[in-house]
Amino acid sequence: MTDAPTDPIAGAEGGQRRFPPSEAFRRNAIAGPELAEAADRDRLAFWAEQARALRWERPFTQVLDWTDAPHASWFADGRLNVAVNCVDRHVVAGNGDRVALHWEGEPGDTRTITYAELLGEVSRAANLLADLGVRAGDRVAVYLPMIPEAVIAMLAIARIGAVHSVVFGGFSAESLRARIDDAGAVLVITADGGWRKGAVAPLKPVVDAALELPGERTVRNVLVVRRGGNDVDWAEERDLWWHEEIAAMDTTHDARAFDAEHPLFILYTSGTTGRPKGILHTSGGYLTQAAFTHRTVFDLHPERDVYWCTADVGWITGHSYVVYGPLANGATQVLYEGTPDSPDPGRWWSIIERYGVTILYTAPTAIRSFMRAGRAIPDAHDLTSLRLLGSVGEPINPEAWLWYREVIGGGRTPVVDTWWQTETGAIMVSPIPGITDAKPGAAQTPIPGIAIAVLDESGRPAPAGGDGLLVVTEPWPSMARTIWNDPERFRETYWSAFPGRYFAGDGARLDEDGDLWLLGRVDDVMNVSGHRLSTAEIESALVAHPAVAEAAVVGATDETTGQAVVAFVILRAAADLADADASPVLRAHVADRIGAIARPARVHVVAELPKTRSGKIMRRLLRDLAEGREVGDTTTLADTGVMRTIESGMRAG
Ligand code: 6R9
């Protein structure tokens with residue numbers, strides 16, 4: 001039997017097209033082919049050179065020590081201060097008047113903070129932390145909205161050598177407490193509340209509730225930024241107002257240097273099962289790769305670009321591409337507190353227009369919801385300042401890629417699809433915008449200095465064009481050093497499938513040009529009649545249909561075929577396809593685009609899809625529905641009611 005065509009780009013003719021950078025873009029791009037050549041010649045020398053772009057108080061002589069694999073040491077005998085690299089260095093270089101943050105609150109209030117001002121703020125906060133008895137190596141939990149104090153707090157913690165654990169503001173009291181306890185945090189930095197969808201979402205009450213739960217008693221103080229103006233309870237011995245304490249502090253702070261391998265932060269990420277993993281990142285290697293990738297992948301010209309990454313600092317993207325990468329590079333950036341549709345669906349586009357944003361970095365889920373709302377909304381704004389667009393978080397289907405480039409990028413801008421993870425710390429696979437001929441939907445190439453392979457389960461290279469597992473074959477500077485409190489789980493989760501090599505948990509394929517396509521988590525890869533099909537691939541085909549706004553596909557257990565493809569789709573508001581006709585039409589459409597083997601057994605039209613707070617579709621829950629099971633744990637959903645809506649819709653349909 002011949003294989004059905006399973007090319008992920010079959011979902012859209014656009015996927016076959018190439019988008020070389022314009023001549024003007026190429027001419028002005030900061031990265032040329034010499035970068036990859038240098039990395040290929042001598043990978044370690046290449047990374048050492050990137051590390052030397054930072055300011056070291058004591059230069060390193062060692063590059064990589066891998067003798068204690070899988071726990072790496074990079075630049076181990078060097079010493080530096082991460083906050084000095086992100087702030088002081090730019091002031092010393094004469095760029096103190098450059099804007100670091102153009103902050104905008106959801107209600108429309110704004111703050112502009114230059115690098116010189118940021119230095120004063122970070123110094124005061126560092127002095128305050130020291131006054132509160134926070135010492136190098138201590139852990140501090142940060143539970144803040146997207147306000148400047150989030151950035152200031154992270155940098156102040158780093159400045160004194162303490163370790164931050166930022167917890168996304170949408171997490172519950174229990175989740176927060178579990179993270180506080182696992183890290184043994186001595187201080188929590190929070191706010192009374194933050195603005196979301198036109199109202200104040202309380203944060204301090206969640207911290208109070210978290211600390212009332214039974215467990216360890218490591219937290220001595222709670223430092224509270226006044227933002228929402230909402231009433232809060234006060235524990236006199238424990239709670240402190242940030243603005244009151246900070247006012248008394250000196251705006252200078254003598255920063256000392258720490259070892260390159262000094263811990264910088266813990267960030268919790270959910271595994272497929274079990275409790276969240278505290279991913280540990282350290283200083284020199286992490287900052288090297290965050291800064292290098294931010295500069296080259298986004299072609300950053302710090303003296304003229306206005307950069308905006310829409311991620312919350314509660315996620316790794318916010319750590320590496322809101323805080324450390326951009327600030328290490330002296331970038332001017334936008335920081336926005338609220339949701340994309342407050343007070344109106346054009347909010348993002350008016351921000352881009354107002355600040356003249358040149359580089360936008362966001363997630364496919366956001367792009368698809370803008371597609372759903374229609375191009376009239378962005379078209380009503382002047383987006384001509386944009387010159388580069390980035391995507392991260394999940395595979396971007398060619399349709400969304402093309403829409404992003406065409407509607408947001410005015411058909412001019414390169415689009416970079418960046419693959420990486422909390423565990424990798426920084427971008428690993430991405431086109432380089434002045435070099436790569438972009439292919440919609442593909443992350444394409446490992447960045448210079450990164451070694452990637454696509455292997456089959458036995459560890460042999462997957463055949464060209466065939467599906468395999470994404471593996472990183474050589475250590476890299478920003479790699480996770482361990483799982484906090486659980487080095488064995490670190491080894492087991494990432495390093496046991498292919499000993500000596502890092503198993504990412506993602507499926508991938510190398511096409512005939514040698515370009516890399518990400519196929520989604522391997523637990524989302526289906527096996528239908530012995531054929532491997534990617535959920536992402538079928539989703540991509542579905543959203544390529546003009547009537548479909550969003551799609552999620554799962555493999556449901558099937559007696560005859562092993563698994564059957566079950567699709568959940570949201571139709572576009574303006575679609576001229578009746579719900580009742582959708583199933584046969586879309587099944588035929590997928591068969592047409594990919595091949596009969598990929599034809600969904602069932603297509604359910606739904607009003608919503610279950611998503612985590614970071615916007616990832618929870619296919620596990622859809623699989624439960626498709627297999628007629630009781631729906632599993634929904635606590636990580638952004639909206640826990642969404643499963644009931646889908647279920648009742650399926651019964652009615
Ligand atoms: C940065 C971030 C990591 C997982 C990763 C993969 C998916 C991220 C992607 C992508 C395809 C991309 N992912 N970027 N899949 N193409 N460009 O999102 O980190 O939250 O840890 O998620 O996200 O499945 O394994 P994190």
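The values are calculated or read from the model by the stated rules, or taken from the named source; none is laboratory data. These numbers come from a predicted model, not from an experiment. When we count neighbours, we look across all protein chains shown, and the Cβ atoms used for this are built from the backbone with ideal geometry, even at glycine.
Examine segment 406-421 for a residue that is assigned to a loop (DSSP other than H, G, I, E, B) and free of Cβ contacts under 8 Å to residues at least 12 places away in the same chain, and state whether such a residue exists.
yes
Given the criteria assigned to a helix (DSSP H, G or I) and not assigned by TED's automatic domain parsing to the domain that holds residue 615, does residue 367 qualify?
Yes.
Would you confirm, using the coordinates I've provided, whether residue 353 is modelled with pLDDT under 95 and surrounded by fewer than 22 Cβ atoms within 10 Å (Cβ to Cβ)? Walk me through how you get there before you give the answer.
On the way: modelled with pLDDT under 95: no; surrounded by fewer than 22 Cβ atoms within 10 Å (Cβ to Cβ): yes.
It is false that residue 353 is modelled with pLDDT under 95 and surrounded by fewer than 22 Cβ atoms within 10 Å (Cβ to Cβ).
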message: Please pick out the residue among 610, 546, 584, 600 that is more than 22 Å from the chain's Cα centre (by Cα) and crowded, with 21+ Cβ neighbours inside 10 Å.
response: 600
- request: Mind listing whichever residues of segment 342-366 are in contact (Cβ under 8 Å) with a residue 60 or more places away in the chain and within 16 Å of the ligand (Cβ to nearest atom)?
  value: 361, 363, 365, 366
- request: Inspect segment 367-388 for any residue being without any contact (Cβ under 8 Å) to a residue 60 or more places away in the chain, at negative phi and of a type in the set (Asp, Glu) and give the result as yes or no.
  value: yes
- line: Here the residues within segment 161-175 that are assigned to a loop (DSSP other than H, G, I, E, B) and surrounded by fewer than 23 Cβ atoms within 10 Å (Cβ to Cβ) are 168, 170, 171, 172
task: Pairs only if they're at least six apart or on different chains, beta carbon under 7 angstrom, first in segment 63-76 and on the phi > 0 side of the Ramachandran plot, second of a type outside the set (Phe, Trp, Tyr) and at pLDDT 95 or above; list them, first residue then second.
output: 75/51; 75/62; 75/63; 75/260; 75/284; 75/285
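Residues are listed down the side, and each one gets a yes or a no for (1) touching a strand residue (DSSP E or B) at 6+ places or on another chain (Cβ under 6 Å); (2) under 19 Å from residue 372 (Cα atoms); (3) in a loop (DSSP other than H, G, I, E, B):
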{"residue": "580", "(1), (2), (3)": "no, no, no"}
{"residue": "585", "(1), (2), (3)": "no, no, no"}
{"residue": "589", "(1), (2), (3)": "no, no, no"}
{"residue": "592", "(1), (2), (3)": "no, no, no"}
{"residue": "609", "(1), (2), (3)": "yes, yes, yes"}
{"residue": "615", "(1), (2), (3)": "no, yes, yes"}
{"residue": "622", "(1), (2), (3)": "yes, no, no"}
{"residue": "625", "(1), (2), (3)": "no, no, no"}
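From the list 405, 387, 368, which residue is over 21 Å from residue 301 (Cα atoms), charged (D, E, K, R) and crowded, with 20+ Cβ neighbours inside 10 Å? Give the steps one after another, and end with the answer.
Details: 405 fails: over 21 Å from residue 301 (Cα atoms); 387 fails: over 21 Å from residue 301 (Cα atoms).
Just one listed residue meets the conditions, 368.
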- line: Restricted to segment 390-417 and to residues being among the polar types (S, T, N, Q) and more than 19 Å from residue 379 (Cα to Cα), the residue farthest from the ligand (Cβ to nearest atom) is 397
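Here are some residues: 211, 223, 203. Which one is under 18 Å from residue 131 (Cα atoms) and either of a type in the set (Asp, Glu) or at pLDDT 95 or above (or both)? Spell out the reasoning first.
On the way: 211 fails: under 18 Å from residue 131 (Cα atoms); 203 fails: under 18 Å from residue 131 (Cα atoms).
Result: 223 is the single residue among 211, 223, 203 that is under 18 Å from residue 131 (Cα atoms) and either of a type in the set (Asp, Glu) or at pLDDT 95 or above (or both).
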message: Considering only segment 424-446, I want to know if a residue exists there that is within 24 Å of residue 44 (Cβ to Cβ), part of a strand (DSSP E or B) and more than 11 Å from the ligand (Cβ to nearest atom).
response: yes
Filter result (in contact (Cβ under 8 Å) with a residue 12 or more places away in the chain and outside any strand (DSSP E or B)) within segment 450-465: 450, 451, 456, 457, 459, 462, 464, 465
